[in-house]
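A.B. asks: Here it is: the structure, laid out below.
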Amino acid sequence: MKLLNIIRITAVLFIIFIASLLLLDRWVSAQTENRIYHDPAKLPSYNVGLVLGTSKYIAKTLNPYYTYRMSAAIDLYKKHKIDVFLVSGDNAHRSYNEPRTMKRDLLKAGVPSNEIVLDYAGFRTLDSVVRAKKVFDADRFVIITQQFHCERALFIADHYNINAVCLAVKEPRRGMASFKIRIREVFARVKAMIDLFILHVQPKFLGPKEPILNPLVKTQPTVTLTEPNNNVMVETAPSSAAITTQSTLIKH
């Protein structure tokens, strides 16, 4: 009987734990949904597009998350929705450099070198979003990534009073693989809340401001935001940004 009571209590606590995780997950989604765009045509024009990095290859196979982000970024540029790219990612070692890989693909697509700014210290989503404001002096920009990632990135941006929106790009449907990524995202959101509200975590590297100043960037006109349709180098390698690190690789 005693054992049965322990099992019951454990089951109840487990259910409460899972329910709490799901509620927090939904809260993050609800807080950010009105600033996520799915249709590039409805997205206002922005001077800066922040592309969040991820590995281009997974076991020598093209990573579709990377491919979809880059395709969407290039499409926005061709539609004149973005003037300058800030590509942010990990620079773990000489053979793994997310920002440089992204720059290479943007150049191949016809984006001029002086319209691509590299952030080598975007080790995690918090670093990428906060450094965009605190280091690169961008306070109004569009983030380019998958929807689940958009929600967490915008949640972080809100905490730092950053005026950002996000273009939710296509994500692969891979059954169990997608399910695992979504489960991991639930825990990533809880960790983000702990970092923001309890630990007050800051980016690993900050340093002095290195504003994205480019003569090709025109003054941004005032734009009235439309409601998203949810249905449907100059390469800069500033001392504060061009950081080579041997830290453990942290995926976005």
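The values are calculated or read from the model by the stated rules, or taken from the named source; none is laboratory data. Quantities reported herein were computed from a predicted structural model and do not represent experimental measurements. Methodologically, a virtual Cβ is constructed for each residue, glycine included, from the backbone with ideal geometry; neighbour enumeration extends over all protein chains shown. We work out accessible area using only protein heavy atoms, side chains counted, and drop any ligands, DNA or RNA first. Shrake-Rupley method; radii C 1.70, N 1.55, O 1.52, S 1.80 Å.
A.B. asks: How far apart, in nm, are the 7 Å Cα→Cβ label points at Asp75 and Val12?
C.D. replies: A separation of 5.0 nm, rounded to one decimal place.
A.B. asks: Which order do Phe85, Phe187, Phe148 take when ranked by solvent-accessible area (1.4 Å probe, heavy atoms of all protein chains), largest first?
C.D. replies: Numbers: Phe85 0, Phe187 105, Phe148 30 Å².
Largest accessible area first, the residues go Phe187, Phe148, Phe85.
A.B. asks: Now a separate question. Full-extension gain between Gln31 and Asp195, please, as 0.36 nm times their residue separation minus the C-alpha to C-alpha distance. Kindly include the intermediate steps, with their values, before the conclusion.
C.D. replies: Numbers: separation 164, 0.36 × 164 = 59.04 nm, distance 1.75 nm.
In short, 57.3 nm is gained.
A.B. asks: Continuing with this model, one more query. Ignoring any ligand, DNA or RNA, what whole percent of the accessible area of segment 1-116 comes from carbon and sulfur when the probe is 1.4 angstrom? Working shown, then result.
C.D. replies: On the way: 3930 of 6160 Å².
So the carbon and sulfur contribution to the accessible surface is 64 percent.
A.B. asks: Report the net charge of residues surrounding Leu62, where surrounding means a beta-carbon distance below 15 angstrom and charges are Lys +1, Arg +1, Asp -1, Glu -1.
C.D. replies: Working: positive: Lys56, Lys60, Arg69, Arg104, Lys108, Lys170, Arg174; negative: Glu98, Asp105, Glu171.
Result for the neighbourhood of Leu62: +4.
A.B. asks: With a cap of 12 neighbouring Cβ atoms within 10 Å, and only residues DSSP puts in a loop, list the trypsin sites (Lys or Arg not before Pro) found in segment 125-198.
C.D. replies: Listed in order of number, the matching sites are Arg173, Arg174.
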